[in-house]
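These notes concern the structure reproduced below.
All of the numbers you see were taken from the coordinates with simple rules; none came from a lab. Computed from a predicted model, the values in this text were never measured in an experiment. All Cβ positions, glycine included, derive from the backbone under ideal geometry; neighbour counts span all protein chains shown.
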Amino acid sequence: MEFEREINYYELDGMNVVHHSNYIRYMEEARIHLLDEIGLPYKKIEDNGIMIPVLEVNYKYKNPARFGDTIVIKASISKFDGIKLEMKYEITNKKTGKLLGIGETKHCFTNSNMRPISLKKVNKEFYEVFEKEME
């Protein structure tokens, strides 16, 4: 899935490039967009007592984004077993096509008390949606 957004002025640092911390937010925005696109809005997931906390984030910076740029974030599910979920991201400048960076996030599924769960056992419908996305 692809997600586009424009860079806001407030996201810049003292060097007039996007502050490094914002790329993690961009990955989260793309992840939420992907969930919407596959028919599992995060609100629906949470309303069913399921959480998807982040366990790990990695991002490799290649080139900076600047105010006024439009970025494209390609997000995809790279691993899924019903207990854990891993996602990959590629962020590019829409106008130039230049690669800005690549990232990944690792997650697990928990109940609302943050206890790990098997999505296949707790919500087979959601499990099947994620499983289909891996095909």
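About the Cα centre, and with charges only on the beta carbon of Lys, Arg (+1) and Asp, Glu (-1), how big is the dipole of segment 2-134? Nearest 20 debye, please. Intermediate values should be presented prior to the final figure.
Numbers: 21 positive and 21 negative charges, 61 e Å.
Rounded to the nearest 20 debye, it is 300 debye.
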With Cα atoms, 0 to 90° folded angle of helix 22-37 axis to the chain main axis: 50 degrees
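Using the Cα centre of segment 64-108 as the reference point, and only Cβ charges (+1 on K/R, -1 on D/E), how large is the resulting charge dipole? Debye, rounded to the nearest 20.
Details: 9 positive and 5 negative charges, 34 e Å.
For this selection, approximately 160 debye.
Taking segment 53-130, which chymotrypsin sites (Phe, Trp or Tyr not before Pro) meet the DSSP loop condition and have no more than 16 other C-beta atoms within 10 Å?
Numbers: sites: 59, 61, 67, 80, 89, 109, 126, 127, 130; in loops: 67, 109.
Those that pass, being in a loop and sparsely packed, are 67.
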Relative contact order (percent, whole number), the chain, Cα cutoff 8 Å, 6+ residue spacing: 27 percent
Exceeding the 29 Å Cα-Cα cut-off - candidates 106/132; 98/120; 98/124: 98/120; 98/124
Square roots of five times the Cα gyration tensor eigenvalues for segment 49-94, Å: 27, 11, 11
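So what is the 222 nm mean residue ellipticity for the chain from helices alone, if each DSSP H run of at least 4 adds -39500 (n - 2.57) and you divide by all residues, rounding to the nearest 500 deg cm²/dmol?
Working: 4 runs with 37 residues, N = 135.
Rounded to the nearest 500, it is -8000 deg cm²/dmol.
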